Structures are given as structure tokens and as C-alpha cells.
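Since the structure comes first, as C-alpha cells, the remarks are kept for the end.
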Amino acid sequence: MSKKSRILSISLAAALTATVVVPAAADLVPKDIKVHTGLNVFVDGDKLEPTNVSGTPVDVYLENGTTYLPIRATSKALGAQIGYDGENYGVYVDTLPVDEKASEYLQAYFGISPMKGTVSADTFNAALAKIFGSDASKMTGTSVAAAVKAAVENCGLKELALVYSDEKAAGSLTGVNTVPDGCAKYVAAALDASLASGTWNFSAALDGDTAAQLLMNAVNIAGKGRNYLGMASDPDISQKLQSAWATFGNFDDPTLSQLGADLVIEGASTGYNLKYDGYNANFLPKYTLQYGHSDITHAVQLIALLNSEGIDAKVALEPKTSIYEYMVEWGDPTKAESTPTYQLKPIEGTDRWLCYATEYDMKLEFNTVADKNAFDGIIAQYAKKWDTNTDENGKPTVALLYGAWWQPLYTSTVPMADTENYTLIKDNVIHNGPYSIHPFSTVDGTEAIAKVVKEKAPDLSVDLVDLYVNKAFYNYLTGADHQ
């Protein structure tokens, strides 16, 4: 679902408007209501196609100036959870997001197999142990509330729960299904901390979907999950990007910086990135691309462009110091202007130059693999310089995003469906504590890097990581073409 405007708009399709008489529920409303049907509802620019729980289309109608929308369909469109209490005529709507990939994430990062049907305490406790260690607090009982209590105790909320008085807990539980004895303060704290959803039936037996969501929420609260700013569709994502960028500063590891420079000087690599592990996004590789750039305005515009294409993604920003060889066809290096985030330095004894730039890797975990696959075409059209869309000075002759490059850099750690436009290279990752450098190479170029590392930094080792890189950057890496 694209989020173009972050508004809920309703239009009346005049051609479809009709006046009908609808029988209402006994004694709750007047026996006959005159309504207008055929209303079109748009959520952030996308037409809502409301259905009931069985998937049957249901109508939206207007009665006496009030528009009536099906709550299930509307909640789903707005990303909210919904629950029903038929016995007490209750409807519960909770804006806590549902992570549709929770089971997939738990399996990928913690080795927890997908849970289905009723989940036993033993199964849930085994999952807790994989996330929080063998001494993790255990679930005692079989209810959702019992699982929530165990999650609270493990993810860092135990002390919070214990400060809740009976009165305070009751206030947080207003409008929530019955909570078993002994669990009220834990469920209340879980709701206030967005660990649990108010739509859950806390007295019911724990089921696989609820267990996965609860564990994923606990992982996030404990700081063991994804590390990201928000969704591309978030109305404040531009502000979050700018705020994150403003906190980035130069960081260095002298040992790795010297080694990286040696790799370039020896011709083993065209450059490298220096990164800090604490910024890792921890996204699901299947859906993720890493996009490198140096200008935050470009990132803001790119995210808005994705929204215009109806593509949503989780967005993370990882700072890096990028050092790479400057190519003479880019212009006279002696005339390049230095800034606090960009500088050219000559390599002593040669006519070659190195760029030192403060840049970022923007990680994008797309909602679908299809959206991930569409990224290359979007960049090629809107954010890349070609000989055919630039003048003799390299200035675009067509409208492109601010800061468009000849060789935009985006990579995937898993194979891409488009083998023609993505090529396998290697990320030669070299760690020194929490810092790492990432000199890229062709598959055949790893031995040259390993040789330099062995000679210049024998205490360090190289971990090879597969990267599938776009064609333009591969051409730069191999020196085959400037574009």
C-alpha cells in the first residue's frame, strides 16, 4: 500500500449513488435507514476495497451526513489490528503494527521454527531461550497472558510491570478482554510499552501467530532486532533521515584505515568503507538492498520517489567513511573543492588520488521481493547519469534526482532475479573490534586483498561475503566503463 498523502479521503461516486432501505439490528437503531451507497474510499491515494472476514465485498454508505465504513477493512487499510468480543459486543482496535515477517525473522536470526496452532509452554520457553539465553525467565501456564508475562520479564520491562498498582493496571486495561489473575500488571505494562496488542484475547490459549508477534516485539524492545528509522511511507521519514544524518560524524580506526589505504596503493582494491557494527540494520537479506550515497537530500528525494511508485520499505541509515580512488575522467583533482565531508588526497609517489568522504549506506527492507527487483529500473530512470542524459560537462539534460551519480551503488547479499543487471562480487570484510572495512573486489580479486592483509596486518583476517551489485558500479569496479 502506497502512502502518498497520509490522509483518508472519501468520494461519492454519483453515477453509482442510490437510495435504499436497509433493515437494522433490532431495537438498536431505527427500523429503516435511508442510505446512499457506492462511495469510494481512498487511503493515502489507494482505493479501499472493503471485505468482511470471509473476503466478501461489503459496501460503504452515507446516511444523514455520516459515512459508515466496515471497521475491519478500515483498520486493515490503516495498519491497525482489530479484535472482537462477541459476548460483550466489544470491538477492539489497536494501532500497534503487525510484523508480517515475524516468523521469518525469528527463524533467520534466532533459528526459531515457525509456530502453528496451539503453542505449548515448552515450545515458547525454547524460543525464549534462543533469544535471551538459557537462563531466560519461563512461561508458566498456557494462556496468552502467561506468555506476555514471560516476555515482559525477559525483554527489559520487569521493573516497569512491578511499579503498577492494581488501580494503575486497571486503567491501562480499560477496554481489553479479561486478563487472568496474577497477570494484570504485566499485561498492562506490555500494552503501554507496545509489547502486546489490546486486540489479543489474554485468557485464550497461546497460538502460533500471537506467539510470533509477541516474540518479535520482545526482540525489538530488547534491542535485538532491526535497527531502523521507520517506513518509507511514514509521514515524518524525511525528518528522521535528516535527524539521523545530523548526528553522524567522522569515526576512525587507525589500523583499519592504514590497511585500507595500503589495499588501494597496492592495487588490490579501488577503495573501501569504514563502518561501525553498532549501526547495523539487521534486516532480512531476502528483501533488502543496500544503497550508498554521500548526500542526505538525495536520500530524502529517493524515499519520496519510492512512495510515488507505490513501493514501501523499512529504512535504515548506516554512516561510513568512504575512501576510494578518484578517476581522472571525473575532473581535475587539483581543482576539487574540499568540504568537511569530502576531500581529495594525492597518493605519495604516484599521480593517483584518493577520495575521503563521509557517506551513508541506506538499507531498504522492501515489503516484497517484487518491490526489491523494481528498484534497479527506478534508479536507472530517475537517479543515474548516462551519456544520453548529460551534457559535455556531466550536467543532466533531463530531470534527475538531486545528486545523481554515474555509478550509483546498491547491493544485495542474496542473488537477484535479474542476472543481467546484477553481478556477483565480494565484500572482503576485515574486522578490528566493532569496526570493519569493506573493500569490494571481483570474485577473482579476493586473493590480492588477502595477500596485502597478510603482509600489512597479519593479526587480522578476511571474511568473504557475497554481494550482487548493479551493473554501473560493477563497471566502475572493473574499470570497464565510466557509466
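The values are calculated or read from the model by the stated rules, or taken from the named source; none is laboratory data. Just so you know, these numbers come straight off a predicted model, no measurement behind them. Methodologically, a virtual Cβ is constructed for each residue, glycine included, from the backbone with ideal geometry; neighbour enumeration extends over all protein chains shown. Quick note on the areas: whole protein, heavy atoms, side chains included, nothing else; ligands and nucleic acids left out. Shrake-Rupley method; radii C 1.70, N 1.55, O 1.52, S 1.80 Å.
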note = Per the filter on the range 251-295, residues of a type in the set (A, V, I, L, M, F, W, C) and surrounded by fewer than 20 Cβ atoms within 10 Å (Cβ to Cβ) are F251, A261, I265, L284
inquiry  = Can you find a residue that is basic (K, R), under 31 Å from the mean Cα position of the chain (by Cα) and modelled with pLDDT of 95 or more anywhere in the range 445-468?
reply    = no
inquiry  = Going through A404, A399 one at a time, which residue ends up being among the hydrophobic types (A, V, I, L, M, F, W, C) and more than 30 Å from L263 (Cβ to Cβ)?
reply    = A399
request  = Return the residue satisfying two criteria in turn: it lies in the range 190-200 and is of a type in the set (S, T, N, Q) and buried (at least 19 other Cβ atoms within 10 Å of the Cβ), and of such residues it is farthest from the chain's Cα centre (by Cα).
outcome  = T199
The range 404-447: number of residues that are surrounded by fewer than 18 Cβ atoms within 10 Å (Cβ to Cβ) and farther than 28 Å from L284 by Cβ = 2
Residue that is surrounded by 16 or more Cβ atoms within 10 Å (Cβ to Cβ) and outside any helix (DSSP H, G or I), where the choices are V219, V152, V187, V176 = V176
ask   = Considering the range 309-353 alone, what residues qualify as being surrounded by 13 or more Cβ atoms within 10 Å (Cβ to Cβ) and small (G, A, S)?
value = G310, A313, A316, S322, A336
ask   = If you go through the range 158-173, how many residues are open to solvent by less than 20 Å² (accessible area, probe 1.4 Å) and either among the aliphatic types (A, V, I, L, M) or within 25 Å of P114 (Cα to Cα) (or both)?
value = 2
